[in-house]
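The values are calculated or read from the model by the stated rules, or taken from the named source; none is laboratory data. A quick note: this is a predicted structure, and the numbers were derived from the prediction, not measured. Please note: Cβ atoms are built from the backbone with ideal geometry, for glycine as well, and neighbour counts cover all protein chains shown. Ligands, DNA and RNA are stripped out before the accessible areas are found, and what is left, the full protein with its side chains, is counted by its heavy atoms. Shrake-Rupley method; radii C 1.70, N 1.55, O 1.52, S 1.80 Å.
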Amino acid sequence: MNTSRSASPEPAPEGRAETSTPGHLPIHGLLSYRLNRVANAMSRSAALRYRREFDVSLGEWRTIALLGAEAPLTLNQLARLAALDKAQMSRVVAKLSERGLVLREFGAGRTTQLTLTRKGAALYRGLITAANERDRAFLVCLTEPERAALDSALEKLATLARALERAEER
């Protein structure tokens, strides 16, 4: 197994000594930390663009994108897919509803089905176009074999992460 890395882990912040434990990686070398740092950097740049061009926050973008792809959804479904808690998602949906972008339709029992309005669907088309442009910009630095390897690795990691999450919930 190849354990070399294409990028070296970040050094410990100045003024802080790295307390090493033999056989253990420091936080900067952990896969979950590194993936999270990359994902956060990608999200921050996306948030800046989507705010500037479309006047939406990252949470609003994710909500609009999910509804554009999978509507109708309930608040609980939407929160789970967006990886937000129900209270956060409720606030995002309320803002989008006030702006005339999301429609709430009462369903059976106490469920509410969420969909995009015409105005929301038009915004979705602009946002998803911008998101696809960003996606291509990130992928351009990878060769075709690297893209295939990344896709495969992400699928394997996601499958394992879900299994570990289920095991921890028991």
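Here are a few things to note about the model shown:
- Heavy-atom accessible area per residue - the chain, 1.4 Å, Å²: 72 Å²
- Subtracting the Cα-Cα distance of residue 21 and residue 165 from 0.36 nm times their residue separation leaves 49.2 nm of extension gain.
- Partner lysines whose Cα lies under 22 Å from the Cα of residue 95, excluding those fewer than 8 positions away in the same chain, are identified as 86, 119.
- Gain upon complete extension [residue 132, residue 32; 0.36 nm per residue less C-alpha separation]: 33.5 nm
- Positive-end residue of 89, 100, 61, charge dipole of region 60-110 with Cβ unit charges: 89
- Contour minus Cα-Cα distance for residue 119 and residue 105 (0.36 nm per residue): 3.4 nm
- Length-normalised contact order for region 40-89 - Cα pairs under 8 Å, 6+ apart - percent: 23 percent
- The dipole here belongs to the chain: it is taken about the Cα centre, uses +1 on the Cβ of Lys and Arg and -1 on the Cβ of Asp and Glu, and is about 540 debye.
- Using a probe radius of 1.4 angstrom, the carbon and sulfur fraction of the accessible surface of region 38-126 is 54%.
- Here the relative contact order of the chain, from alpha carbon pairs under 8 Å that lie six or more residues apart, stands at 15 percent.
- Ellipticity estimate at 222 nm from DSSP helix runs (n ≥ 4, -39,500 (n - 2.57)) divided over the chain, nearest 500: -21000 deg cm²/dmol
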